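The values are calculated or read from the model by the stated rules, or taken from the named source; none is laboratory data. Quick caveat, the model's predicted, so the values are computed rather than measured. So basically every Cβ, Gly included, is an ideal-geometry build from the backbone, and we count neighbours across all protein chains shown.
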């Protein structure tokens, strides 16, 4: 399946479909979700969707969202390839959702964003390389990695940080976020 084969939907259309019972799947990482997410969305990071696409079949109609659309498209392709469902990708992701003035919420507690963690990690490594002469090559490698990440939109340090235990919901948090999302979706479903 190619990127052009994935159907997209505007944030306003997605909101209307959610009111009719469609499930909204957020495939960003936990720290991103903590910072801002759509009320009623279910968090299943992209890596989990790719490894177990059947987990993402939350309803007969599934909408997929990320920050801007790239990861949501990958998730939709993985789900369609597994024959689970062919979801709609929310065009522009959470960024376009916010630009449309639609509601978002922030979780009460959680880690700082992956982007901030990368900045702190990269700065710390460069400083370490400058302070410890034997580690000086680090001070040259880190900026090269950041330049590569900027050009390719692939950040190894960000992926590494996303796998760290502090960036994963603890068992009870994960269960609560999924159950809250499912419960919230069923409350929003119109009564027939």
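Yes or no: segment 82-91 includes at least one residue that is within 25 Å of residue 162 (Cα to Cα), in a loop (DSSP other than H, G, I, E, B), at pLDDT 90 or above and in contact with a strand residue (DSSP E or B) (Cβ under 6 Å, 6 or more places away or on another chain).
yes
Looking only at helices (runs of 4 or more DSSP H) that lie completely in segment 1-71, which have at least 3 residues being out of contact with any helix residue (DSSP H, G or I) (no Cβ under 7 Å at 6 or more places or on another chain)?
By residue number, 11-19, 30-35.
Within segment 114-136, identify whether any single residue is in contact (Cβ under 8 Å) with a residue 24 or more places away in the chain and not in a helix (DSSP H, G or I), and answer yes or no.
No, the conditions are met nowhere in segment 114-136.
Does residue 144 satisfy the criteria of being under 15 Å from the mean Cα position of the chain (by Cα) and either closer than 29 Å to residue 7 by Cβ or surrounded by fewer than 16 Cβ atoms within 10 Å (Cβ to Cβ) (or both)?
So residue 144 fails the test.
What number of residues within segment 57-74 are closer than 21 Å to residue 107 by Cβ, surrounded by 22 or more Cβ atoms within 10 Å (Cβ to Cβ) and touching a strand residue (DSSP E or B) at 6+ places or on another chain (Cβ under 8 Å)?
Adding up the residues that qualify gives 5.
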